[in-house]
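Some notes on the structure that comes next.
The values are calculated or read from the model by the stated rules, or taken from the named source; none is laboratory data. Bear in mind that the values here come from a model prediction, so they are computed numbers and not experimental data. All Cβ positions, even for glycine, are placed from backbone atoms using ideal geometry, and neighbour counts span all protein chains on display.
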């Protein structure tokens, strides 16, 4: 069936779309500190897609620097961080090193006057975070923390919808993964679900905590909602479960990882009787967001759906003269770290 839209309008639409994609050009020089698996498989593909100029690749191992020099000849590979920090042409630094080194590296980058993007966790404690916040304010630096769920389209839509709800009732979050023996499970792994609930609902107090081997059942009280979390590292990395259900007076929201957001309205009642029983109507749901796994377009790419693309691009835009607003600066993480401090004794 032939489209009712004139060919000239279709051509004009495609032309405007191409102009928009080609018009964004970033001229600032950046550096990447840390070249592990996450940098190679996630950060670099996004930065390459956005045509971000990485003047330096910095790492600690000389053998890795030699290999990186062959793999990325357009960047200077070095084991000396001072090469990056003393180069005035470098305006922003991406840090993706070992979590234990992040606090030290963050301080050095901020003190050098350069903008900082740092993968989670930016530091190991609330005291260290407060020190970084004070340093950022003193230097007037741009700082973005890589907690990509905040930038995921599904999470952003959920946050917008929850702000319009008259009354929040309760939520349930399951975050089930495989074993995590390589680091601190609280600040390096469970920071993701804990940050998600503080991002959506604000500060939290711990009402109850129960540990069963390597699974943790937590009940939290926020200002206007109570929630339960099941965090576990006793499951599988090949089948990670991340599911959030939020009950409101108008209905229930269900967020499945970052791929799907569904709203199910609460059934009406008449004189205390459920209307669905009286009328026999089936339950209906609204798909607010659903990632299409077939269409090969940018919006359906997993790096976009998970939030990596927008978090990195937002930092680049801030450094390159655009907006100075971000969903994930150091100050915005404080309630997450306060919650982790409250939970630290239980873990």
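Quick notes
- Residue 255, sole failed condition from (1) touching a strand residue (DSSP E or B) at 6+ places or on another chain (Cβ under 7 Å); (2) within 17 Å of residue 190 (Cα to Cα); (3) buried (at least 17 other Cβ atoms within 10 Å of the Cβ): (2)
- Residue 339 vs. criteria more than 30 Å from residue 51 (Cβ to Cβ), outside any helix (DSSP H, G or I), in contact with a helix residue (DSSP H, G or I) (Cβ under 9 Å, 6 or more places away or on another chain) and at pLDDT 85 or above: no
- For residue 126, the requirement of being at pLDDT 95 or above and more than 21 Å from residue 345 (Cα to Cα) is not met.
- Selected residue [assigned by TED's automatic domain parsing to the domain that holds residue 91 and either in contact with a helix residue (DSSP H, G or I) (Cβ under 8 Å, 6 or more places away or on another chain) or touching a residue at least 24 places away in the same chain (Cβ under 8 Å) (or both)] from 169, 126, 158, 176: 126
- The set of residues from region 69-102 being within 27 Å of the chain's Cα centre (by Cα), outside any loop (DSSP other than H, G, I, E, B) and under 13 Å from residue 33 (Cα atoms) comprises 81, 84, 85, 90, 92, 93, 94, 95, 99, 101, 102.
- The condition of being assigned to a helix (DSSP H, G or I), over 24 Å from residue 147 (Cα atoms) and at pLDDT below 95 holds for only one of 25, 8, that being 8.
- If you filter region 268-315 down to residues that are surrounded by 14 or more Cβ atoms within 10 Å (Cβ to Cβ) and in a loop (DSSP other than H, G, I, E, B), you find that the one that is modelled with the lowest pLDDT is 301.
- Take the conditions (1) outside any loop (DSSP other than H, G, I, E, B); (2) within 24 Å of the chain's Cα centre (by Cα); (3) buried (at least 22 other Cβ atoms within 10 Å of the Cβ); residue 107 misses just one of them, which is (3).
- Meets criteria (surrounded by 11 or more Cβ atoms within 10 Å (Cβ to Cβ), farther than 21 Å from residue 308 by Cα and either touching a residue at least 60 places away in the same chain (Cβ under 8 Å) or outside the structural domain of residue 94 (by TED's automatic domain parsing) (or both)) for residue 71: no
- The single condition from (1) in contact with a strand residue (DSSP E or B) (Cβ under 8 Å, 6 or more places away or on another chain); (2) touching a residue at least 40 places away in the same chain (Cβ under 8 Å); (3) part of a loop (DSSP other than H, G, I, E, B) that residue 47 fails is (3).
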